[in-house]
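Below: the structure, in structure tokens.
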Amino acid sequence: MIFNFDKLRKDTGFRFVKGCWASCEKKIREGFDTTDTGFIANVSAEHIAPLFRDYIDAQSEELFLFIETPCNLADEEPNVDGIVDNPHVNVYYWDSITKEEANAVLDHYGDWLINDGFARFGFGISSFASEIMKDSYNVMTVYSRNPSADKPLLERHMLAIPALRTAWTYFDRQHPGECFRYEQNGKTVYDAVNELMKLGLYFAERRPIQ
């Protein structure tokens, strides 16, 4: 008799956003760890917006918003086989926004920004001393020049886990992850970006995917 050990594994309660999937979901624990530049965290889908809002509310400086979306294939340069070897992202910023404006972005566009499997976005402060970002597979990073100031924010939401294992830890040829373009009410993250550009968001640069 062959046992399916995946069915016996305890569900950690962690949930990916709607725009990605990986078989390791039940293995991932919500928590954070320190890095050379700040912190890295696994954040379950339902907790991403609350973490962003707490970060916003904790700041005493003006904020900025940044968004990265995959470049349109029409703007890439495929090789002779029609394959794009070095894909790019379009980077957008909205400078000098208030807490109210930052929270309004989450209110009106957070669904697309959070759930899209390819988009990365976040907020930082005007002195560039701190920044929080949602990356792929529910990984969130906090850049901080003063980690002791930002650490309590993370501690209010999750446990510190040394040697934190993210989804990327589990990926291999037999166990890849998948990302998707999220659509809701006929709109995608690209529609969200276009609408935000009417309010103050601007295109900053096109750069290779890091």
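For segment 89-123, give me the residue count where each residue is open to solvent by less than 20 Å² (accessible area, probe 1.4 Å) and closer than 17 Å to residue 59 by Cα.
6
Can residue 188 be described as within 14 Å of residue 108 (Cα to Cα) and within 18 Å of the chain's Cα centre (by Cα)?
So residue 188 fits the description; yes.
Return the residues of segment 109-125 that are farther than 13 Å from residue 66 by Cβ and either under 9 Å from the mean Cα position of the chain (by Cα) or not aromatic (Phe, Trp, Tyr) (or both); say none if nothing qualifies.
110, 111, 114, 115, 116, 117, 118
Please verify whether segment 103-114 includes one or more residues that are polar (S, T, N, Q) and under 21 Å from residue 40 (Cβ atoms).
No; the residues of segment 103-114 include none that is polar (S, T, N, Q) and under 21 Å from residue 40 (Cβ atoms).
Out of the residues in segment 57-71 that are of a type in the set (S, T, N, Q) and over 17 Å from the mean Cα position of the chain (by Cα), state the one that is surrounded by the fewest Cβ atoms within 10 Å (Cβ to Cβ).
Per the criteria, the residue is 60.
Any residue at all in segment 193-200 that's aliphatic (A, V, I, L, M), open to solvent by less than 60 Å² (accessible area, probe 1.4 Å) and not in a strand (DSSP E or B)?
Taking every residue of segment 193-200 in turn, at least one turns out to be aliphatic (A, V, I, L, M), open to solvent by less than 60 Å² (accessible area, probe 1.4 Å) and not in a strand (DSSP E or B).
The values are calculated or read from the model by the stated rules, or taken from the named source; none is laboratory data. In this text, all values refer to a predicted model and were calculated from it rather than measured experimentally. Cβ atoms come from the backbone with ideal geometry, glycine included; neighbour counts cover every protein chain shown. The accessibility values were calculated without ligands, DNA or RNA, using every heavy atom of the protein model including side chains. Shrake-Rupley method; radii C 1.70, N 1.55, O 1.52, S 1.80 Å.
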